[in-house]
Amino acid sequence: MSGSSFVVIGGGVNGLAAALEIARAGKKVRVLERRDVVGGLSARRKFGEGFEVPGIRHDTNEIRPGLVDSLGLATRGVTLLTEGVPVYACDSGDGLVLHDSADASREEISKRSKKDADAYVSFRGALARLKPVIEPLLAKLPPRLLPDGVGEMAGMGVLGLKLRGLGRHDMTEVLRAAPMAVADVLREQFQTELLSATLAFPAVAGDFVGPWSPGTAAMLILRDSMLVPGVKGGPAAVVDALVKALTEAGGEIRTKARVTRINVVKGKVTGVTLEGGETIAADVVIASCSPKLAMNELLPPLALNTNDTGSAQTIRSRGTLAKIHLGLSEAPSWRGRPGKSFERVRVGGAHLDDLERAFDAAKYRQLPAKPVLDVLVPSGGKPVLSILASAVPYDLTGGWTAASKAALLESVLATLETASPGIRAHVKASEVLSPVDLESEFGIPGGSLHHVERALDQMVFVRPARPFARAATPIEGLYLGSSGCHPGPGVTLAPGVLAARTALG
């Protein structure tokens, strides 16, 4: 695409990564971000008086190390951790600390069940054997369900051979487990409910599902295949490095530049129009915003045919996470482990039934009485808690008002008190962002932090939908590269880079 001009819609990590890939190829590229800061859900956020959290997203354990290297981020401040942060899961007792290493977790689990400790090592071993099969699939564009030509057929054949290479037992187990409910798979493995619930939570958090929803076991498998220890400094460190590298490569970043229309003439992109009427010409547009937003709201009427329009309209993005920030007068203490400090803590959802009951509240548009909390306790600066509260409905009965947000905060504080008695007295500042707030501020339909729900019919070969599953769209020059695209959500950098590489040819 010699001489082509590129526009990237959205300055989150995927948009910045896409723009950096393009700039490093020597092309002119401009990032247009609707907010006054870049980074999207990964940008630092201030609240109260002098309190700061790493971002709405607060983990980086799905980042692609290969992309950190290829984008030159390792020389611009991104340091990959060599060991993951353990998760302390609270219950009515002393809780459970799970490490990345199965052997490191064995002693913890043995306190509850020697049988489960051995089963956990076997479980992690099976996932480790599966990772080399699945991880390469998540590092490139997914193969077409109906291969186009001999080369793609050969690629599908290689994938099949890798799966077969697992051996009869592992291959059969993967094919059997993938469509199952994650709760059923974990209950087959373990008797300790806290262990099962802790492992199940990431497979359902943020989606319109509970642990007994079919297909959630596949989300556990896919996510595990992406896991790495993460990045020192969290998502904000990734944003800083991307901005620095992009600026050095000659890319342009514009904030307060909200795109209201992707301009299309005779089936080909011609540029974008901003709020206020300014038009920016471009031969290529990469939408790193939500694909649901891009394909349903930013395209002009009749830009897509009837079938593709239907596919775009049926993309599901029902968010079930709220973000709560608490500024504290002192660091939290945990009843089950007095004197111990943890960076990652899980409060609530100590039983699979707790996770399911919490989802019931979201399903019936009610506030969860006992939300499940994924808590980050960042080090440095004033003590804060960065909390993702699960099973919070977007379409709350009665709507999201000051009173309903106050009720959610009260529910979160009550849940925290079960694990950290007296913490309420140390809260000096708070911020509550409902799914509706997240939608309004970040432009994510349904307030979904995943952009598009993770489900068997919206992952890998068909993410976000079949006609748009390989970054390109039916509109010439329009590409999709956000968390709503393959390989999925999280601070991975992959969707943006894959979209850029596809556009560059």
Quiz item: Name the pairs whose Cβ atoms lie under 7 Å apart, with the first residue in segment 100-115 and within 12 Å of residue 86 (Cα to Cα), the second part of a loop (DSSP other than H, G, I, E, B), and 6 or more positions between them or separate chains?
Solution: 100/83; 100/84; 100/229; 105/99
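Considering each residue of segment 123-147, count those that are closer than 21 Å to residue 99 by Cβ and in contact with a helix residue (DSSP H, G or I) (Cβ under 8 Å, 6 or more places away or on another chain), and give that number. Show your work before the answer.
The first filter runs over segment 123-147 and keeps only residues closer than 21 Å to residue 99 by Cβ, leaving 123-131, 135.
Pick out the ones that are also in contact with a helix residue (DSSP H, G or I) (Cβ under 8 Å, 6 or more places away or on another chain) and you get 123-127, 129-131, 135.
Within segment 123-147, residues that are closer than 21 Å to residue 99 by Cβ and in contact with a helix residue (DSSP H, G or I) (Cβ under 8 Å, 6 or more places away or on another chain) number 9.
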Practice problem: Output the residues belonging to segment 375-421 that are over 19 Å from residue 86 (Cβ atoms), outside any helix (DSSP H, G or I) and under 24 Å from the mean Cα position of the chain (by Cα). | Solution: 384, 389, 390, 391, 392, 393, 394, 395, 396, 400
Practice problem: Have a look at 329, 341 and point out the one that is more than 19 Å from residue 206 (Cβ to Cβ), surrounded by fewer than 16 Cβ atoms within 10 Å (Cβ to Cβ) and touching a strand residue (DSSP E or B) at 6+ places or on another chain (Cβ under 8 Å). | Solution: 329
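Could you list, in sequence order, all residues of segment 356-402 that are hydrophobic (A, V, I, L, M, F, W, C), out of contact with any strand residue (DSSP E or B) (no Cβ under 8 Å at 6 or more places or on another chain) and within 22 Å of residue 345 (Cα to Cα)?
Of everything in segment 356-402, those that are hydrophobic (A, V, I, L, M, F, W, C), out of contact with any strand residue (DSSP E or B) (no Cβ under 8 Å at 6 or more places or on another chain) and within 22 Å of residue 345 (Cα to Cα) turn out to be 359, 367, 369.
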Quiz prompt | Conditions (1) β-branched (Val, Ile, Thr); (2) surrounded by fewer than 23 Cβ atoms within 10 Å (Cβ to Cβ); (3) within 19 Å of the chain's Cα centre (by Cα): number failed by residue 9 | solution = (2)
Quiz item: Which residue pairs have Cβ atoms under 8 Å apart, sit 6 or more places apart or on different chains, and have a first residue in segment 333-351 that is in contact (Cβ under 8 Å) with a residue 40 or more places away in the chain and closer than 18 Å to residue 411 by Cβ and a second that is part of a loop (DSSP other than H, G, I, E, B) and of a type in the set (Asp, Glu)?
Solution: 350/91
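May I ask you to verify whether residue 396 is assigned by TED's automatic domain parsing to the domain that holds residue 40 and in contact (Cβ under 8 Å) with a residue 24 or more places away in the chain? Spell out how you get there, then give the answer.
Values: assigned by TED's automatic domain parsing to the domain that holds residue 40: no; in contact (Cβ under 8 Å) with a residue 24 or more places away in the chain: yes.
No, not satisfied.
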Quiz item: Any idea how many residues of segment 284-326 are closer than 26 Å to residue 355 by Cβ, in contact with a Phe, Trp or Tyr (Cβ under 8 Å, 6 or more places away or on another chain) and either not in a strand (DSSP E or B) or not assigned by TED's automatic domain parsing to the domain that holds residue 359 (or both)?
Solution: 4
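Could you tell me which of the residues 369, 429, 362 is of a type in the set (A, V, I, L, M), outside the structural domain of residue 268 (by TED's automatic domain parsing) and part of a helix (DSSP H, G or I)? Before you say what the answer is, go through the steps one by one.
Working: 369 fails: part of a helix (DSSP H, G or I); 429 fails: part of a helix (DSSP H, G or I).
So the residue among 369, 429, 362 that is of a type in the set (A, V, I, L, M), outside the structural domain of residue 268 (by TED's automatic domain parsing) and part of a helix (DSSP H, G or I) is 362.
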Quiz item: Which residue pairs have Cβ atoms under 7 Å apart, sit 6 or more places apart or on different chains, and have a first residue in segment 173-187 that is in contact (Cβ under 8 Å) with a residue 40 or more places away in the chain and a second that is among the hydroxyl-bearing types (Ser, Thr, Tyr) and not in a loop (DSSP other than H, G, I, E, B)?
Solution: 186/196; 187/196
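Might you check whether a residue that is assigned to a loop (DSSP other than H, G, I, E, B), under 18 Å from residue 30 (Cα atoms) and in contact (Cβ under 8 Å) with a residue 40 or more places away in the chain occurs anywhere in segment 228-235?
Start the filter on segment 228-235 by keeping residues that are assigned to a loop (DSSP other than H, G, I, E, B), which leaves 228-230, 232-233.
Of the ones still in play, those that are also under 18 Å from residue 30 (Cα atoms) are none.
There is no residue in segment 228-235 that is assigned to a loop (DSSP other than H, G, I, E, B), under 18 Å from residue 30 (Cα atoms) and in contact (Cβ under 8 Å) with a residue 40 or more places away in the chain.
Could you grab me the full set of residues in segment 39-64 that are outside any loop (DSSP other than H, G, I, E, B) and in contact with a Ser or Thr (Cβ under 7 Å, 6 or more places away or on another chain)? Spell out how you get there, then give the answer.
Of all residues in segment 39-64, those outside any loop (DSSP other than H, G, I, E, B) come to 39-42, 45-47, 51-53.
Passing the criteria: only 53.
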Quiz item: From the set of residues in segment 65-88 that are assigned to a helix (DSSP H, G or I) and not small (Gly, Ala, Ser), which is surrounded by the fewest Cβ atoms within 10 Å (Cβ to Cβ)?
Solution: 75
Exercise. For residue 320, state whether it is free of Cβ contacts under 8 Å to residues at least 40 places away in the same chain and under 23 Å from residue 457 (Cβ atoms).
Key: no
Quiz prompt | Qualifying positions in segment 362-399 - surrounded by fewer than 21 Cβ atoms within 10 Å (Cβ to Cβ), modelled with pLDDT of 95 or more and over 25 Å from residue 236 (Cα atoms) | solution = 363, 364, 365, 366, 395, 397, 398, 399
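Can you say whether residue 280 is part of a strand (DSSP E or B), under 22 Å from residue 484 (Cα atoms) and in contact (Cβ under 8 Å) with a residue 40 or more places away in the chain, as far as the supplied structure shows? Give the derivation first.
Values: part of a strand (DSSP E or B): yes; under 22 Å from residue 484 (Cα atoms): no; in contact (Cβ under 8 Å) with a residue 40 or more places away in the chain: yes.
Here the answer is no, as residue 280 does not meet what is asked.
Just need a number here: residues in segment 327-354 that are part of a loop (DSSP other than H, G, I, E, B) and charged (D, E, K, R).
The number of residues fulfilling the criteria is 5.
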Self-check item: helices (runs of 4 or more DSSP H) contained entirely in segment 101-186, each with at least 1 residues that are at pLDDT 85 or above
Solution: 102-110, 114-134, 168-177
Quiz item: Does residue 487 fit the bill of being part of a loop (DSSP other than H, G, I, E, B), surrounded by fewer than 23 Cβ atoms within 10 Å (Cβ to Cβ) and in contact with a Leu (Cβ under 8 Å, 6 or more places away or on another chain)?
Solution: no
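The values are calculated or read from the model by the stated rules, or taken from the named source; none is laboratory data. Worth saying up front: this structure is predicted, and the values here are computed from it rather than measured. In this analysis, Cβ positions are derived from the backbone assuming ideal geometry, glycine residues included, and neighbour counts consider all displayed protein chains.
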